[in-house]
Amino acid sequence: MTVRTAELLMALMMGAFSIYLMVKSYELPVGWIKGSGPGGGTWPFWLSAIMLISCLGILFNWFRKHGPIASSTRVYIQSHVLMDVAAVAASLIVTVALFSFIGIYGALPLFLIFYLRVLGRHSWLLSGTLSILIPVVIFYFFEITLKIILPKGITEPLFLPLYKMFF
Amino acid sequence: MLETLQLLGSGFLIVFEPLNLALIIGGCALGLFIGAMPGLGSVNGVAILLPLTFLVPPTGAIIFLAAIYYGAMYGGAISSIMLGIPGASTAVATTFDGRPLAKQGLADKALTAAAVASFVGGSISVVLFTFFAPPLAHVALVFGAPEEFALMMLAFATFVGLGGDDIFKTIFSIAIGLVLSAIGFDIISGEPRLVLWDITGFLHGVNFLVLAIGIYGIGEMLWTVEEHALGGGESMLSEATVTVKRTMANLRELVGTWKTLLMGSVLGYFVGILPAAGATPGSLMAYGIAKQISNEPEKFGKGAVEGVCAPESANNAASTGSMLPMLTLGIPGSPTTAILLGGMVIWGLEPGPRLFTDHSEFVWGLIASLYAANLFAVIINLAFIPVFIKILKTPFTILAPIIFVLCLIGGYAPTESMHDVWLMIIFGIVGYLMRKLDYPLAPAVLAIVLGPLAEPALRQSLIISDGEFSIFFTRAYAGPIMIAALILLFLPLLKIIYVRLRGPKAVSG
C-alpha cells in the first residue's frame with residue numbers, strides 16, 4: 001500500500017467517523033433552546049461537521065494530488081517495519097486482554113519476557129530478573145503507596161494475604 | 001515589584017521544604033534521562049509520569065513535572081551531540097553544530113556549551129516570567145466567558161496560522177480533540193452525550209491522559225520501533241573526554257558568546273508563549289538569527305559554539321515562556337503545558353487568572369521551583385556528563401518494554417477502568433498511523449484539555465448575548481483577541497491569495 005492510498009483510506013475512515021459523531025450528537029437538541037441557550041448537542045454536532053469538512057478538504061487535495069503525502073508513491077509501511085510494529089502492537093493488545101483473566105501480575109511478566117527475550121534477544125537472566133522486578137516495584141508503588149488497586153482476574157485470592165500484611 | 005519579590009520569597013520557602021527539594025532534584029535527573037533518550041522528550045515524560053504524581057500534593061506534583069520538563073530540555077542536547085540524533089524535536093537545531101564539534105573530538109565543549117546555554121536561557125526567561133506573569137494575570141482577572149473563549153480560539157488559530165502543517169489536518173485534529181472532550185455528559189442539561197456505540201465506558205468521558213499517553217506514550221514508542229527497524233541498530237556514539245581543566249577552559253570560552261545567549265533567551269521566551277510555536281521553532285529561529293548576527297557565519301554547521309548556544313538557550317527559555325499563558329490565562333503554551341494544565345484540573349485547581357489570587361502558594365511555589373530546577377539541572381548535567389553518555393548505551397529493547405508497562409498502568413490509574421486502557425491502545429495505534437500521514441497530533445491533545453473549558457465559555461457567552469455572536473467582537477478585550485484569532489485562522493488563505501496576485505508579476509519581472 002502506498003502513502004497515497006493510505007491517505008485516501010484514512011480520510012474516508014475519519015469522514016465516516018465524523019458522520020457517525022454528527023448523527024450521535026443529534027440525539028441531543030442541536031440549536032437554540034429558548035431560555036437556556038444552545039442545546040447539548042450543538043457543540044459536538046458542529047465540531048463533527050468541521051471534522052467532516054476537513055476530511056472533504058483532505059480528499060479534495062488527494063484528488064488533485066496536492067502536497068507531499070497526497071502525491072507520494074512511497075510504501076506506507078515497509079513489510080519488515082510492519083512485522084516489528086505489528087509484533088509490538090499485538091503483544092500490547094494480548095497483554096491488555098489478559099489483564100482481566102490472569103491479572104496484571106500474570107500478564108506483565110509474560111509481556112516483559114516476550115519483549116526482552118523474543119524481540120530484544122536479551123539473556124534469560126536479564127529478561128527473567130526484569131520480568132519479576134518490574135511487577136514487584138509496580139505492586140509496591142501503585143497498590144501499597146498510591147492505593148490504586150490494579151486488575152487481578154483469577155489471581156485475586158493470591159493477593160489477599162498480601163493485602164492483610166499491608167493494610 | 002516589591003510585592004512580587006515577597007511572593008517569590010514565599011515561593012522559595014515552599015521549594016526548600018525537603019520533600020519538594022527532593023522532587024526537584026529527582027525530577028531534573030529523570031528529565032535529563034528522558035530528554036537524553038532519542039525519541040523521548042518532555043511531553044512524553046510528563047504524559048507518562050503524570051499518574052505517578054497522585055502520590056504527592058498538587059504543589060509537589062507540578063514542581064516534579066516542571067522539573068522533568070526543564071531537565072528534558074537540558075537532556076535533549078546530549079543525544080543531539082553524542083549520537084547526532086535529537087533527543088527531542090526541540091533539540092534538532094543543536095545537532096547542526098553540536099554533532100560536528102563531537103566529530104572533531106570536542107564533544108565536551110559542545111556539552112558544556114549546551115548546559116551553560118540552557119542555564120542562561122532558563123534563568124533569563126524565568127526572571128522575565130516572574131515580572132510578566134502577575135500583571136498579565138491581573139489584567140486577565142476582568143476576563144469573562146467571551147474573553148476566555150476568544151483566547152482559546154486564538155490558541156487554536158495559532159496552530160492553523162503558524163503551525164506549518166496541512167491546514168485541513170490541523171483543523172481536523174483540533175475538532176476531534178474537542179469532540180472527544182465532549183463525550184460523557186452534557187455539562188448544562190446533565191444528559192448523557194455521545195455514548196459511542198452505547199458502550200457504557202464512554203459515560204465517564206474520555207480522560208485527557210488516555211489520549212495523551214496513547215499518543216505520546218504508545219504511539220511515540222511504535223514510531224520509535226519503526227525508526228529502529230529502519231535504522232537497523234545502534235548508531236555511532238562519539239567519544240568525550242571530560243576533565244575539570246578542560247571544562248574550566250570551555251566555560252571561559254563561553255563568556256564570548258554572551259550576545260548569542262541573550263538573543264536566544266529573549267527570542268525563545270517570546271516564541272514559547274505562542275501555543276503553536278514553542279521550543280522547536282524557537283530554537284530553529286534562534287539558530288538562524290545567531291548565524292546572521294555572527295562575525296563568522298561560515299563557521300556555522302561546521303562546529304561553531306554559538307550554533308549550540310543559540311538553540312539551547314532558546315529551547316529552555318521557550319519552555320518557561322509556554323508556562324506564562326498556562327498559569328495566567330489557563331491556555332497552555334505547548335503540548336507539555338497542556339498536559340500540566342490537565343493535571344491541574346485533576347488536582348482540583350481551576351486554571352485561569354484566578355489561580356494567582358486563589359492558589360498563590362501553588363503558583364509561586366512553581367515559579368520558585370523553576371529557579372531551583374534550573375540551577376540543579378545545570379549542576380547535575382555538568383557533573384554527570386559521563387554518566388549520561390553511558391545511559392545512551394542502554395539498548396532500546398530494554399527501555400521500550402518498561403515504558404510500555406508504565407503507559408498501560410498510567411492509562412488505568414486515573415480512572416481505574418479497563419475501558420480506558422483499551423481506548424489508550426486504540427489512540428496509540430491510530431495516532432501512529434495518522435502521524436505517518438503527517439496529521440499533527442499536538443492540537444488534539446491541546447483541544448481535549450481545553451474542550452471542557454471552551455464549551456461552557458461559548459455557551460455562557462451566547463446566553464449572555466441571547467445568541468448573538470457579535471458579543472465576541474464588541475467587548476474591549478474579546479474583540480481584538482478574536483480578530484487576531486481570525487487573522488491567524490485565515491493567514492494560510494491570505495498567503496495563497498497573495499502568491500496568486502503576485503505570481504504573474506514575479507514571473508514577468
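The values are calculated or read from the model by the stated rules, or taken from the named source; none is laboratory data. Values in this document were obtained by computation on a predicted structure and should not be read as measured data. Glycine gets a Cβ as well: all are built from the backbone with ideal geometry, and neighbour counts include every protein chain shown.
Observations
- For region A:36-51, taking the residues that are facing chain B (nearest Cβ under 9 Å) and in contact with a Ser or Thr (Cβ under 7 Å, 6 or more places away or on another chain), the one that is nearest to B:LEU462 (Cα to Cα) is identified as A:GLY40.
- Test: residue in region A:18-35 that is within 27 Å of B:PRO456 (Cα to Cα), at the interface with chain B (Cβ under 7 Å from one of its Cβ atoms), in contact with a Pro (Cβ under 7 Å, 6 or more places away or on another chain) and surrounded by fewer than 16 Cβ atoms within 10 Å (Cβ to Cβ): yes
- Test: B:ILE68 is of a type in the set (A, V, I, L, M), farther than 19 Å from B:ALA317 by Cβ and either in contact with a Leu (Cβ under 8 Å, 6 or more places away or on another chain) or in contact (Cβ under 8 Å) with a residue 60 or more places away in the chain (or both): no
- Taken over region A:113-125, the criterion of being in a helix (DSSP H, G or I) and closer than 13 Å to B:PRO401 by Cα is satisfied by A:ILE113, A:PHE114, A:TYR115, A:LEU116, A:ARG117, A:VAL118, A:LEU119.
- Pair list, Cβ < 9 Å and 6+ apart or interchain, from region B:105-122 residues that are over 14 Å from B:GLY75 (Cβ atoms) to residues that are among the aromatic types (Phe, Trp, Tyr): B:VAL120/B:TRP258; B:GLY121/B:TYR269
- First in region B:446-469 and over 14 Å from A:GLY35 (Cβ atoms) and at the interface with chain A (Cβ under 9 Å from one of its Cβ atoms), second anywhere and at pLDDT 85 or above and outside any helix (DSSP H, G or I), Cβ under 7 Å, 6 or more apart: none
- Scanning region B:175-219 for residues that are touching a Cys at 6+ places or on another chain (Cβ under 7 Å) and of a type in the set (A, V, I, L, M), we see that the one that is farthest from the other protein chains (Cβ to nearest Cβ) is B:ILE213.
- When residues of region A:2-56 are limited to those that are on the phi > 0 side of the Ramachandran plot and in a loop (DSSP other than H, G, I, E, B), the one modelled with the highest pLDDT: A:GLY31
- Flag for A:ALA107 being modelled with pLDDT of 90 or more, at the interface with another protein chain (Cβ under 8 Å from one of its Cβ atoms), buried (at least 16 other Cβ atoms within 10 Å of the Cβ) and farther than 30 Å from B:GLU468 by Cβ: no
- Just one of the listed residues (B:ALA442, B:ALA476) is away from chain A (no Cβ under 14 Å) and either among the hydroxyl-bearing types (Ser, Thr, Tyr) or over 24 Å from the mean Cα position of the chain (by Cα) (or both), namely B:ALA476.
- When restricted to residues that are crowded, with 23+ Cβ neighbours inside 10 Å and either polar (S, T, N, Q) or in contact with an Asp or Glu (Cβ under 7 Å, 6 or more places away or on another chain) (or both), region B:403-446 contains 2.
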